[in-house]
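Read the structure below first, then the notes.
No lab work stands behind these numbers, since they all come straight from the coordinates. These figures come from a predicted structure and were not determined experimentally. Glycine also receives a Cβ, built like all others from the backbone with ideal geometry; neighbour counts cover every protein chain displayed.
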Amino acid sequence: MDIGARIQQLEDMIREAKSMPLSASALLNREELLEVVTAMKEALPEEIKQARWVVKDREELLSKARRDAEGLADKARADQARLVSDEAVVLESKEEADRILADAREQARQIRLEAEDYVDGKLAQFDAAMTRIAEALVGAEEAVTKVRGQIETGREKLRGSHPAQALSQDEERGGQQQ
């Protein structure tokens, strides 16, 4: 019988005991009670051993659970720190990329403006050169016309005739050669 059954037996003996008149005391058989108490003492060490094993197992389980929980918490903190670190690196990288892109856009804008200024200056020089050439050609055309007139006058003098006569002589020569 286990300790619980022995305690129940002791309780039943106390309830069934005869009451003493005019008193709250009861008459119990001393021998029977001592037998129950002795049986309880004999059963008690086994019950205590089992209880100690249960407590020890419970303590081991709690200790293992604490270690596991601490390990999980440490891992979670490490993962959190890594993720925060990774996020910080990503944010820094994005900020650096944005800064580099903004610098590149500004440099491209500056280069484009400088190129436009350079091309505008070259076109202005070309326009000025074309204007000088056009002015020179206008003057040259007049000079060429004047020189041709002088050449024609000189040829006429060499022929010894008037331009109208030279024209008719040229026509006559042209008719004879055919």
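Give, as a single signed number, the net charge of other residues whose beta carbon lies under 13 Å from the beta carbon of Arg52, with Lys and Arg counted +1 and Asp and Glu -1.
So the surrounding residues net to -2.
Could you state, as a whole-number percent, how many of the C-alpha pairs of the chain are farther apart than 28 Å?
Taking all Cα-Cα pairs of the chain, the fraction more than 28 Å apart is 77 percent.
Give me the one-decimal nm value for the distance between modelled label points at Ser23 and Ala76, 7 Å along each residue's Cα-to-Cβ direction.
Here the modelled spin labels are 6.5 nm apart.
What number comes out for the charge environment of Arg105, summing +1 per Lys or Arg and -1 per Asp or Glu over other residues with Cβ under 12 Å away?
That sum, taken over residues with Cβ under 12 Å, equals 0.
Give the value in nm², to one decimal: projected area of the alpha carbon convex hull of segment 77-141, averaged over all directions.
For the Cα atoms of segment 77-141, the hull's average projected area reads 4.5 nm².
Quick one: net charge of Leu34's neighbours, Cβ under 15 Å, K/R +1, D/E -1?
-1
Can you give the extra length, in nm with one decimal, that the chain gains between Thr131 and Glu60 once fully stretched, where that is 0.36 nm per residue apart less the Cα-Cα distance?
15.1 nm
Among the aspartates and glutamates, which have Cα under 16 Å from the Cα of Lys146 when same-chain residues fewer than 8 positions away are ignored?
In chain and number order, the partners are Glu156.
Through the Karplus equation 6.51 cos²θ - 1.76 cosθ + 1.60, θ set to phi - 60°, convert the phi angles of segment 26-39 into ³J(HN,Hα) values in whole Hz; use x for Gly and Pro.
The phi angles translate into 10, 8, 10, 7, 4, 4, 5, 5, 5, 5, 5, 5, 5, 4 Hz.
Extension gain Val119-Leu33, at 0.36 nm per residue separation less the Cα-Cα distance, in nm?
18.7 nm
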